[in-house]
Structure formats: C-alpha cells, structure tokens
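Below is one structure; the comments refer to it alone.
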Amino acid sequence: MFVSYLLAVTDEQAIWNRLKKLPPLLLSPLIAILLSLWLSTVTKLGILQYFITTIAILAMCSLWVMRTWRWDFRRAFCAVCMAGILQVATTAISQIFFLMFPSGLQLDMAAMAAALFLSIAAAALLKRFHFGAWFRLLLEDQSNLHRTAALIFALEMSMEIFLVLQNGVQRQYLAAYYSLVVVLVLLIVGLVVYLAHRFDDSRTLQAQRDIIAQQQLYEQSLEDIRKEIRSFRHDYKNLLAGLALHMKEGTQDALCSTLEELDADFDRHLGEKIQLSNQIGNLCVPQVRSLLLAKIADMRKKGVECRLEVLYPVETVNINVWDFVRCLGILTDNAAEAALDTPQPWVEIVLLALDGRLSVRISNPYANDIDPKKIWENGWSTKGPGRGLGLAGYQRILEGYPNVCVSTSWENSVFVQELTLEGRL
C-alpha cells in the first residue's frame, strides 16, 4: 500500500526500475517490530511508543527513497510522509471491513486484500490527475523545502492520531469518523496542489521578469549592431578610397593587405554580433532564449569567449521546459567555471533540432584532472570537492525522463557534455 502511494506522489515513470530496488524496504517493518519490542521491555511509554516506532519507520523509508531516487533527505522525507498520510488514511478506512464481518483468518485476509486494492485504485486515481507532478513541483522550492517537510510531517502525525482514535469511536459515530478522514485527506491533497500552484505562479512571474530583462538585452544588442553599421559605413568608404588608390598605383600587395583588413574589421565589429543575433533568433522557446542570453552576457563579463550555434529553429523541448532550463544552466555554469582555469577560456554551445529530436552539446577546455569515479558525485568539480555544482543534480532531474540520453566525454583537454531529447513521451 505504501509503495503504491509512493510511486503516485513521486510521479514515477520508470516503475519497474524502482520496484527492483524494493527488497531493502521490507526490512523497515521488521526493524520497527524489534524496536517496539525493545521499547516495551525497557519502559512503559504507552501511546508514545507507537509514535516513536512510526517516526523510525518514516526515517528508514526515507533512507530507502534517498538511495532509490537519489534525492536528498528532505525531499525523500516529504515524499515518505505524503505517501504515509495516504496509506494511513486507507488503513483507517479499510477497518470498516473488519467491523462489518466477524473475525476469522479467511475474512481478515479478504479485508486486507480489499484494502490493498483500494490503495492501488486510489494511487492510480492520483496519478491520473497528475497529483505527483504537482507534488514534485512543490519539492523544487528549495528555499521553503524545510517548511514543506515540517508541514507534511505534522499532517502525517495528525493522520496517525486519527488512526489511533479510531479504537475509541463508538459504532454509531463510525460513519462520521470515516467521512472526516476522507475529507481531511482531500483537504491535504488540495493544500499540496494549492501550494504547488503558488510556487509555480511565483516561478512563472520571475521567469517573465527575466524574459523581459533578457529581451531588453537582446534589443540593446540589435541597437549596438545598428550603431556599429553606421560607424562601419564611414570606415568602409575610407577603405574603398584606399582600395581605389592601390588599384590605380598597381600595388597588389597593398591591395591584398587592405582587403584582409576590411574582412577582419567586419568580423571584429559586425560579423560576430550578427551571427550571434541570428543564432539567438532561432531559439523560439522564451525560457531557453532568456537563459542563454543571461549566460552569454555573464561569461563575457568574466572574459570567457562563448560560441553559440543554433542550426535550426528550436520550437519546443520534449521534457518539462523548466527541467530543461535547469539542466542547461548547470551545464553552462560548470563549463564556464572550468574554462576560467585555462589560458584561453571558451565555451561552445550547440543546439540542433531535427526530426523531432533536440541535441545539446556543450564543450569547454579544462586544466585539472578528471576522476571518472567522482564525476557524478554531489559538489564534484575539476577544482576539487565542494567547488562545482556537480552533475549529480543534473542526473536527478533527468532520471524521470526515459526519452533523454546523456553522455560525457573528454579528450585533448576538451570536456564535452551531450544531452539528447527524443520525441515526446
């Protein structure tokens, strides 16, 4: 029952991959029983013993989720508590089967089977209405994640209290009790969706502000090109006059030198800016365009040469656009940071959209050693531990997308990250 709800609240796509790692979780009930027996022999804690055992179960399940989903403890604890709320509510409601029928092994087994079926059906319903997507979105709010964890833990403990109080409810009030449990669960689910909506609205508003700011930067870049054209027009006339003079005098070497100067001057003043403008124009996804404009501007301030190639219009990404932006941000930041350690820092970003597939390739030079065993660890950097953003978070973002392929390579002091997004899920 717990696992079915856990898969629903995490919006898991690769269900079989998670179920293959299920056996260690089965140790949780055994350890909880041993803990409860030990507490019984040490002292009489009464109802407190139940809650200590419950918290121990939550902690053990959180450790399993951390290992299986590769999440940090707070995110894992939130998911476990949310699944626990739903599982405990189903357990409370399923008690009606034991009250309706006389006790007996066969009937008890039937009641437990009915409870399991109810939990699987409820989990499928949650997945049908994309509750897990909203819940995972709420977990992306890192600044408030500790508050979210505390809130969901308090709600889980409240549901545990409801389960304990069931033993003291008189039969004529059981219908009201079960109705109250259902209403409470619906309110908790509604609260989670509401908080996720608020976070999404806040993030969208901030993104819109960023887009406006980056559009202004883009317009300023176009204005700079216009001014450069006016300035170049004046220089171009002078260069043409010099060409005409060299042609009259028949000095071929001077003519070639002037032509080379004209070509270099064009590339220096206009060619690179016009090319970058054209490449940016092929980015039709506002969030991606905004991010890359900001990263390019930041790299230029730091003295990192950025080469951008967008060969065909990028009109969509086949995963959540915010997840894609986060991944792109991690890769570009890591590339720029590593490039700064080299004598001539540069970063090359290539986006190729073709036949429904989007390929991203980010290259940069590096000066320090790379340890293949540590490359996916949190905080890994070519500069040493704790210096970089690391690729572990990047991997966690993409692990729920089976249509994504990532690769990492390095050769001749060039580090390359590739991200390929196949067609829609």
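When the stretch 299-323 is examined, which residues are found to be part of a loop (DSSP other than H, G, I, E, B), open to solvent by 10 Å² or more (accessible area, probe 1.4 Å) and within 17 Å of PRO365 (Cβ to Cβ)? Correct list: LYS302, GLY303.
All conditions in (1) in contact with a helix residue (DSSP H, G or I) (Cβ under 8 Å, 6 or more places away or on another chain); (2) open to solvent by less than 10 Å² (accessible area, probe 1.4 Å) hold for ARG326, with the sole exception of (2).
Screening ILE296, ILE330 for residues that are in a helix (DSSP H, G or I), farther than 23 Å from ARG396 by Cβ, within 25 Å of the chain's Cα centre (by Cα) and not hydroxyl-bearing (Ser, Thr, Tyr) leaves exactly one candidate, ILE296.
Being in contact with a helix residue (DSSP H, G or I) (Cβ under 7 Å, 6 or more places away or on another chain) and of a type in the set (Ser, Thr, Tyr) is a description that applies to THR10.
Hey, does the stretch 30-44 have a residue that's open to solvent by 60 Å² or more (accessible area, probe 1.4 Å), charged (D, E, K, R) and more than 28 Å from the chain's Cα centre (by Cα)? Yes, some residue in the stretch 30-44 is open to solvent by 60 Å² or more (accessible area, probe 1.4 Å), charged (D, E, K, R) and more than 28 Å from the chain's Cα centre (by Cα). Taken over the stretch 63-85, the criterion of being assigned to a helix (DSSP H, G or I) and open to solvent by 10 Å² or more (accessible area, probe 1.4 Å) is satisfied by LEU63, TRP64, MET66, ARG67, PHE73, ARG74, ARG75, PHE77.
Being open to solvent by 40 Å² or more (accessible area, probe 1.4 Å) and under 14 Å from VAL9 (Cα atoms) narrows it down to one residue among LEU125, LEU139; which is it? I'd like the intermediate steps shown before the answer.
On the way: LEU139 fails: open to solvent by 40 Å² or more (accessible area, probe 1.4 Å).
Sole residue among the options that is open to solvent by 40 Å² or more (accessible area, probe 1.4 Å) and under 14 Å from VAL9 (Cα atoms): LEU125.
Has the stretch 58-73 got any residue that is touching a Gly at 6+ places or on another chain (Cβ under 7 Å) and at pLDDT 85 or above? Don't jump to the end; show me each part of the working.
Just the residues of the stretch 58-73 that are touching a Gly at 6+ places or on another chain (Cβ under 7 Å), to begin with: 58.
Of the ones still in play, those that are also at pLDDT 85 or above are 58.
Yes.
Within the stretch 117-131, being assigned to a helix (DSSP H, G or I) and either free of Cβ contacts under 8 Å to residues at least 24 places away in the same chain or on the phi > 0 side of the Ramachandran plot (or both) holds for PHE117, ALA121, LEU125, ARG128. Looking only at the stretch 1-22, residues that are open to solvent by 80 Å² or more (accessible area, probe 1.4 Å) and farther than 20 Å from TRP134 by Cβ come to 2 in all.
Looking only at the stretch 169-193, which residues are open to solvent by 70 Å² or more (accessible area, probe 1.4 Å) and touching a residue at least 60 places away in the same chain (Cβ under 8 Å)? Residue satisfying the conditions is ARG171 alone. Taking each residue of the stretch 402-414 that is among the polar types (S, T, N, Q) and looking for partners that are loosely packed, with under 12 Cβ neighbours inside 10 Å with beta-carbon atoms closer than 6 Å, six or more apart or interchain, yields ASN403/LEU425.
The values are calculated or read from the model by the stated rules, or taken from the named source; none is laboratory data. These figures come from a predicted structure and were not determined experimentally. Quick reminder, even Gly has a Cβ in these numbers, built from the backbone with ideal geometry, and neighbours come from all protein chains shown. Heads up: the accessible areas ignore ligands, DNA and RNA and are worked out on the full protein's heavy atoms, side chains in. Shrake-Rupley method; radii C 1.70, N 1.55, O 1.52, S 1.80 Å.
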